[in-house]
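Peer 1: This is the structure I want to talk about, given as structure tokens.
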Amino acid sequence: MIKKNQHVVPHKSGWAVRGAGNGRASSVHGTQSEAISAARETAIRQGSEMLIHGENGRIRERNTYGNDPYPPKG
């Protein structure tokens, strides 16, 4: 299985989950919360990272599932 980071991004129909490098959304949801839940499930299953974008498109949060190459210290 290819590990692709999952991005939660604004979409004309609400919020979308898009795998990194994909031109099309994997799924579209009415709320950001629903999209985050779907992206989290996929990221956990793949052992990848989930990146949540704000309405302006900028990343506002990121969560790593699986092996974190830069774990927190301390």
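What follows is calculated from the coordinates using simple rules that are stated; it is not laboratory data. Note that the coordinates shown come from a computational prediction; the quantities given were computed from them, not determined experimentally. Note that we place each Cβ from the backbone using ideal geometry, even for glycine, and neighbour counts take in every protein chain shown.
Peer 1: Name the strands (runs of 3 or more DSSP E) wholly within the stretch 1-71 that hold at least 2 residues that are in contact with a Pro (Cβ under 6 Å, 6 or more places away or on another chain), touching a residue at least 60 places away in the same chain (Cβ under 8 Å) and of a type in the set (S, T, N, Q)? Lay out the reasoning, then the answer.
Peer 2: Working: elements: 6-11, 14-19, 27-29, 49-53, 59-64.
Hits in the stretch 1-71: none.
Peer 1: What residue, among those in the stretch 1-50 that are among the aliphatic types (A, V, I, L, M) and exposed (fewer than 14 other Cβ atoms within 10 Å of the Cβ), is farthest from Y70 (Cα to Cα)? Explain how you work it out, then say what you get.
Peer 2: Step one: of the stretch 1-50, the residues among the aliphatic types (A, V, I, L, M) are 1-2, 8-9, 16-17, 20, 25, 28, 35-36, 38-39, 43-44, 50.
If we keep only those that are exposed (fewer than 14 other Cβ atoms within 10 Å of the Cβ) as well, we get 1-2, 20.
Details: M1: 22, I2: 20, A20: 19 Å.
Here the answer is M1.
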